Amino acid sequence: MANPTFVMADYVVFALMLLLSVAIGIYYAHRGRKRNQKALGYLLANRSMTMIPVAISLSMSFNSSLTMMAVPAEVYQFGTMISWVLVLFVIIAVITSEVFLPTFYRLGISSTYEYLELRFGKVARVCGTVVFIVASIFYCGIVIYGPALAFEAVSGFPLWAAIVSNGLVCTVYTSVGGLEGVIWTDVFQGFVMISGMLAFLIKGNAAVGGVSNAWRIAERGGRIDFVHFESDPRIRNTFWSIVISGIVRWSGMYGVSQSQVQRYLSCKSERQAKLSIYLNVIGLVLLFTMSVMTGVVIYAYYETCDPLQNKCVRRSDQIFPFMMLDLFRDVPGASGLILSAAYAGSLSSVSSGVNAMTTVTMEDIIKPLTKDKITDDGYLRISKVVAIIFGLLCIGMSFLLSTTSELLQAAFSLMGMLMGSLTGFFLLALQFPFANSIGAVSGLITGITSSVWFYLGTKSIHKSNEFIRKLPLRVDGCQNSCAYSSSMHTMNNTLVTTVLNSSVTPLMQSLDLTEYSTTSEPDTEHGDGTGIFMLSYHYISVIGLVICISVGVLTSLATGGWATRQHVDKRLLRPPFDHYLFKSWLPERLRWYLRFCIEWTDNVSDANRSSSHPGVERDEILQNNANYDDIALDDKNDQTSPCVNAVEKLEV
C-alpha cells in the first residue's frame, strides 16, 4: 500500500477555497466602509440578517473538522452509537428557540453575558464572559488543529505550517469582514463542505460495491450498532450518556454561547431568528449523517487492512484524508476539494468563535471600562485588533492541543468542563426567580471546579474494554507497510515537536484528553470498576450543571434570595411550565407553585419589538436593579403564601 500524495491540481483547488474565503471577508469590509459601518454593524450585522443565511451559518459553526474527521474516526473504531446525537439536534433547537431566544432577543442585547449583568450584576457578567472566552480558545484550537492534521497526512506539509496558515486565513477574513462577512463566508463554505463530502461518499461507496454492501461489511465488523440502552454510566457510549449529556453540552453551545446566539440576534425579527434555528436542524442532520456514513465507508474500504496499524497514518483522525487520496489518485483536484471541505468546516467554527470572543470582549469588558471616552469609530478599530489577538491565541492553543489523541473526545471533554456549569448559570437566572448573585456565582465556580476535578480524576483510571468498547481492526489483508514514520515527516515536524517538548508537553500531559489508547488494540488495563471517576467522559457536563444549580439554589436561599424574588424584573425570567405547550393542560394554580409563587405573563407583543433602541429596556431594568439593595430581607409581602412557609423552614 503506497502513500498517495497531493498533486498540483489539488493545491490549486485548495488555495482557491482559501482565497475566496478571504475575498468574501474583504468584500464585506469594503461594503461596510462605503456604508460608514459602525461597531454594531461590525459585531451584529446591524441586526439585518434573514433566516436562510443565518441558518446555514449556524449549521456550519456547529460542524467543523470534528464532523469531517473525528466523527468518521469514531464510527471506524467504536461504531454508530454516536448517531444518537441526531436526536439532540431537534431537542436543542426547541430548547434554544423557546427558552433562551425570546428573552435574549427581546432585551435587544449584543452579548448574552450582558443579560447576566441585568439579572445578577457586573461580577456575574465578567465571570460568564471569562468562562466563554477560555472555552472558545480551547475549542477553536482543536478545530484549527484538525484540518492541519489532515493536510499533513495527505501532503507532507509541516504540521506547524498548516496550523499557522489555517489560523491566519481565518483571522484575516474575520477581523476585516465582521459578522456579516463571517455569515456569508459560512454560506460559501457550507456548499464546499457538502460538495466534498458528497464526492467522497459517491466514490467511496462505488469502491466498496455500493451503499448496501458497505453497510453489510460494517455490520459484519460490529460497526452498525444503535441499541446500547444500558443504565451503567461507566460505559463510554450509550443512548443515555450521549443524549443526557448532549442536551446539557449543546444547550450551552446553542442556547447561551455567544458564538451561536450572536447569529440569531443578528436577525431582523424574533420570528426570523426562531425559523433560522429550526431550519439549521436540516443542515445539522444532513452533515452529521454524511459523516457517519463516511465512517461506515472507511471501515468497509479498510476492513482487512487498518492504516493505523499498517503505519500509513499516525492517528485515527488521519484515516479519512488518507483514504481520500487513495480514492481520488486518478482524479486531479478532487482531493483538494474534499480537503477544502474539511478546512471549510474548521474556518467556519473558528471565525464564529473569534467574532463572538471579540463581541463579548468589547461589550462586556472594554466598553464598560471606557464608557463615553472612545468614539464609535474607535471601538470599531479596537474590535478588529481584538479579533486579530484572539485569532493568534487560537493558533497558539492549536500547538498546545496537538498532543491530544482523539479530536472528538477532546472537544466533548473541553466543552463539558465549562459548558455544563455555564448552562447551569443561565438556568439559575432564567428559571429560578429567587436565585441571586452570590448563589449564581458560587454555583458557577463550584460547578467548574467539580468538573475539572472529575476530569483530572479520570486520568488516573485505566478502563477495561468492557466499558470503552473499542472494536477490533484487522491487518491480515495488508500487502506491505506504508512506513509512515519516514525521515520526511520527522523533519517536517521538528519545529513543533521541539517547541512542545521543551515547554508545554508537561502541561498537556496533565491535560491528556483521552481515556483510551489510539492504537487499534483494546485497552486491557482495569480500574477497580467503582467510583465517580469510572463514569463515561460524556457525563462531565452533567456533573457541572447539577452542582452549579444545586449550590446556586442552596446558597441563594441561605442569603435571602427568597424574600427578594418578587422584585426581579419579569422580563428577565422564563418559567418553563408557562410555555404555551403546558398552559393548555396545567392549571394556573399548579403553574404558580412551579414558578415559585410569583406572577408572570409572557408579553407576546414584545416578539415584534424593534431592536433599533435596545438600550432603553436595558436601562429600565438596570434602574430597577438599583433598588434591590434597599429591599429588606425580611420583606414578607406574601406572608400568607404556602410557598413562603415551606421555604422558611429551609432557611431556618
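Coordinate-derived values only; no laboratory data. What you are looking at is a predicted structure, and each value in this text was computed from that prediction instead of being measured. Heads up, the Cβs are rebuilt from the backbone with ideal geometry, glycines too, and the neighbour counts pull from every protein chain shown.
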Taking every pair of distinct Cα atoms and averaging 1/r, then inverting, what Kirkwood hydrodynamic radius in Å comes out for the stretch 61-120? 14.3 Å
Amide H to amide H, which residues 5 or more places from M49 or on other chains are under 5 Å from it, using H placed in the peptide plane? C267, K268
In nanometres, what is the gap between the two model label sites at D602 and L198, each 7 Å from Cα along Cα-to-Cβ? 3.8 nm
Spin-label point model (7 Å from Cα, Cβ direction): what's the S231 to I445 distance in nm? 3.7 nm
Normalised per residue, the volume inside the convex hull of the alpha-carbon atoms of the stretch 174-298 in Å³ amounts to 151 Å³
Ranked output for segments 160-168, 320-328 by mean other Cβ atoms within 10 Å, highest leading, reads 320-328, 160-168
Counting just the Cα atoms, what span does the stretch 229-305 cover along each of its three principal axes? Round to the nearest Å and put the largest first. 54, 32, 18
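By how many nm would the segment from L19 to R271 lengthen if fully extended, with 0.36 nm per residue of separation less the alpha-carbon distance?
Result: 87.2 nm gained on full extension.
How much length would be gained if the chain were fully extended between M8 and T375, taking 0.36 nm per residue of separation minus their Cα-Cα distance, in nm to one decimal?
127.3 nm
I need the fraction of alpha carbon pairs in the stretch 426-467 separated by more than 12 Å, rounded to a whole percent.
68 percent
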Unsatisfied cross-links (Cα-Cα over 31 Å) in the set K122/K570; K274/K367; K384/K570; K122/K459; K367/K459; K122/K583: K384/K570; K122/K459; K367/K459; K122/K583
What does the charge count near L594 come to, summing +1 for each Lys or Arg and -1 for each Asp or Glu among other residues with Cβ under 12 Å from its Cβ? +2
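At a temperature of 10 °C and a viscosity of 1.306 mPa s, determine how fast the stretch 217-262 diffuses translationally according to Stokes-Einstein, using the Kirkwood radius over alpha-carbon pairs as Rh; express D in µm²/s, rounded to the nearest whole number. Mind showing how you got there, number by number?
Values: Rh = 12.7 Å.
Using the Kirkwood radius from Cα pairs, D works out to 125 µm²/s.
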Label L581 and H567 with points 7 Å out from Cα along Cα→Cβ: what is the distance between them in nm? 3.5 nm
